[in-house]
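See below for the structure under consideration.
Only the coordinates and a few stated rules stand behind these numbers; no lab work does. Bear in mind that the values here come from a model prediction, so they are computed numbers and not experimental data.
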């Protein structure tokens, strides 16, 4: 496993009002766990799969931004980790209703 000190912790950067550098490795927080990623952006689907939320269609992904704003992320929405203020992600199981 790679040394995590080489990774940019997005939550810490958001709380410190720092813009994450491009071409870096990032630690993204999903629910209560941090995951190392080596790409600058991922789709909502990729983030859910990283957090082992299978199938991703059964979960809603929300992004918490600095200041407390929360936005819903679609499966095909692209999240850019180099944007300032990306704090963490939360997953919510969708209710399985018989139709």
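Of note:
- Residue with peak Gaussian network fluctuation, the chain [Cα springs, cutoff 10 Å], from 21, 55, 36: 55
- For q = 0.11, 0.13, 0.18 Å⁻¹, Debye-computed log10 I/I(0) when each Cα of the chain counts as one equal scatterer: -0.31, -0.43, -0.79
- Residue among 11, 57, 23 with the largest mean-square fluctuation in a Gaussian network model of the chain, springs linking Cα atoms under 10 Å: 23
- Over the chain, relative contact order from alpha-carbon pairs under 8 Å, at least 6 apart, %: 33 percent
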